[in-house]
Amino acid sequence: MDLFYVIVLSVAVLFLILLLTSFGVMLKKSKAVKAYPQNAPYCPDYWNVVPTVNSDGTIDYKCQVPDSLTSNMSSLKKYSKGKLSIPDTSVTSDANGTYINFYTDEMWKGNTGVCNKYNWATTNSTNSTINWDGITNVNNASIC
């Protein structure tokens, strides 16, 4: 074998070893357990997100409560029933429907807010849980 082929083959094998080693190190470091999805959506699954612009230019997101025939409604109990009551400031109504604000009210923010959303979604329905990706499909012990 010519010296050129030996050098090229040696460099290619060395490059392959370095590449596989770096992939192995990256995989080992990324093995940490992370919640999926890392950012839960504003509203339960299949609920409409309705953005509203405030007078100061900020945007609030309200969740339109679907009618009882829509999927993921799960025969929602009245808002004041269940393990967790929704404050009156979170619920609004107009000609187009009823809305719940899970975005700006303090009880829905941070880690406590995620726990409150989980408790609300799992206890405020008569038949089953209101599905909320990133809220109801995560282990309860890791949330609350």
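Considering each of Asp2, Asp56, Asp94 in turn, give the residue that is charged (D, E, K, R), at pLDDT 70 or above and not assigned by TED's automatic domain parsing to the domain that holds Cys115.
Details: Asp56 fails: not assigned by TED's automatic domain parsing to the domain that holds Cys115; Asp94 fails: not assigned by TED's automatic domain parsing to the domain that holds Cys115.
Among Asp2, Asp56, Asp94, only Asp2 is charged (D, E, K, R), at pLDDT 70 or above and not assigned by TED's automatic domain parsing to the domain that holds Cys115.
Please go through region 1-28 and give me each residue that is of a type in the set (Asp, Glu) and assigned to a helix (DSSP H, G or I), ordered by number. Before the answer, list the steps.
Filtering region 1-28 down to residues of a type in the set (Asp, Glu) leaves 2.
Once the filter is applied, which keeps residues that are of a type in the set (Asp, Glu) and assigned to a helix (DSSP H, G or I), region 1-28 yields nothing.
Restricting attention to region 97-135, which residues are part of a loop (DSSP other than H, G, I, E, B), at pLDDT 75 or above and surrounded by 20 or more Cβ atoms within 10 Å (Cβ to Cβ)?
Of all residues in region 97-135, those part of a loop (DSSP other than H, G, I, E, B) come to 101-105, 109, 124, 126-135.
Narrowing further to those that are at pLDDT 75 or above: 101-105, 109, 130-135.
Within region 97-135, Asn101, Phe102, Ile130, Trp132, Ile135 qualify.
Going residue by residue through region 79-91, is there one that turns out to be at pLDDT 70 or above and outside any loop (DSSP other than H, G, I, E, B)? Steps first, answer last, please.
Going through region 79-91, the residues at pLDDT 70 or above turn out to be 90-91.
In the following step, the residues that additionally are outside any loop (DSSP other than H, G, I, E, B) were identified as 90-91.
Scanning region 79-91 turns up at least one residue that is at pLDDT 70 or above and outside any loop (DSSP other than H, G, I, E, B).
The values are calculated or read from the model by the stated rules, or taken from the named source; none is laboratory data. Quantities reported herein were computed from a predicted structural model and do not represent experimental measurements. As a convention, Cβ positions derive from the backbone with ideal geometry for all residues, glycine included, and neighbour counts pool all protein chains shown.
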